[in-house]
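Input: a single structure, listed below in structure tokens.
The values are calculated or read from the model by the stated rules, or taken from the named source; none is laboratory data. Worth saying up front: this structure is predicted, and the values here are computed from it rather than measured. Cβ coordinates were reconstructed from backbone atoms using ideal geometry, including for glycine residues, and neighbour counts include every protein chain displayed. Remember, those area values only see protein heavy atoms, side chains included, never the ligands or the DNA or RNA. Shrake-Rupley method; radii C 1.70, N 1.55, O 1.52, S 1.80 Å.
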Amino acid sequence: MNNLFKTLKAKRKQLIIWLFEHSQRIYTNMFKNHKPWNITKSDLLKLPKPTFGRHLGEFLDKNNFQLIPKVERHDCYHVLCGYSTKVEDEIALQCLCYGNGKRSPYLYGAIILGVAILPDYYKYYHHSFKIGKEANAFHHFDYRMLMHVSISDFRAAIFPKHDPLNLKRIAA
């Protein structure tokens, strides 16, 4: 019985990954009209170690990613908030952003579908939402202009009550 639950959870996560992959291109083409940053992972990895940009480059390198044109900010949120790219962390990050005041059709869809398809992580999602509410607003920044900022100073300014890298993850 336990193996059945693990298999079903894996299938539900695969469904969410498929939805993310296919909806992202459509959403970007329909709703994102600004210009891409034209910054490469190599550019970021040349920045000094304590900078936000260097940490972004290392995050991209670790996950074998490149910045996705027009939605570069999303990976910045991962780096700032310390969330991985696991499905449940992607949804928890959206919950944190919602708690922080970010609003977008994609965010709503990710949260609604994520909670509906993976309700076993509800406590984790709710915890992330609360952290977002307690944090200083960060969703509106032009992150391209913050690449040379100290990541530790940036995190301390945004999360005065929490260290996002040491949060107790409440995952099922």
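For the range 56-99, name all the residues that are in a helix (DSSP H, G or I) and touching a His at 6+ places or on another chain (Cβ under 7 Å). If the condition is that a residue be in a helix (DSSP H, G or I) and touching a His at 6+ places or on another chain (Cβ under 7 Å), then Phe59, Val79, Leu93, Cys97 are the ones that fit. Filtered by the rule that a residue be out of contact with any Pro (no Cβ under 9 Å at 6 or more places or on another chain), of a type in the set (A, V, I, L, M, F, W, C) and assigned to a loop (DSSP other than H, G, I, E, B), the range 116-147 gives Leu118, Ala137, Phe138, Phe141, Met147. Here Lys70 meets the list (1) out of contact with any helix residue (DSSP H, G or I) (no Cβ under 7 Å at 6 or more places or on another chain); (2) modelled with pLDDT under 95 almost entirely, failing just condition (1).
Say whether the condition of being of a type in the set (Ser, Thr, Tyr), under 27 Å from Leu15 (Cα atoms) and in contact (Cβ under 8 Å) with a residue 40 or more places away in the chain is met by at least one residue in the range 95-115. Yes, that holds for at least one residue. Checking each residue in the range 22-60 for being open to solvent by less than 90 Å² (accessible area, probe 1.4 Å), out of contact with any Pro (no Cβ under 6 Å at 6 or more places or on another chain) and at pLDDT below 90 picks out His22, Ser23, Gln24, Tyr27, Thr28, Lys32, His34. Evaluation of Leu19 against the conditions (1) open to solvent by 70 Å² or more (accessible area, probe 1.4 Å); (2) at pLDDT below 95 shows that the sole unmet condition is (1).
Residues in the range 70-112 that are more than 11 Å from the chain's Cα centre (by Cα), open to solvent by less than 40 Å² (accessible area, probe 1.4 Å) and of a type in the set (D, E, K, R): Lys102 only.
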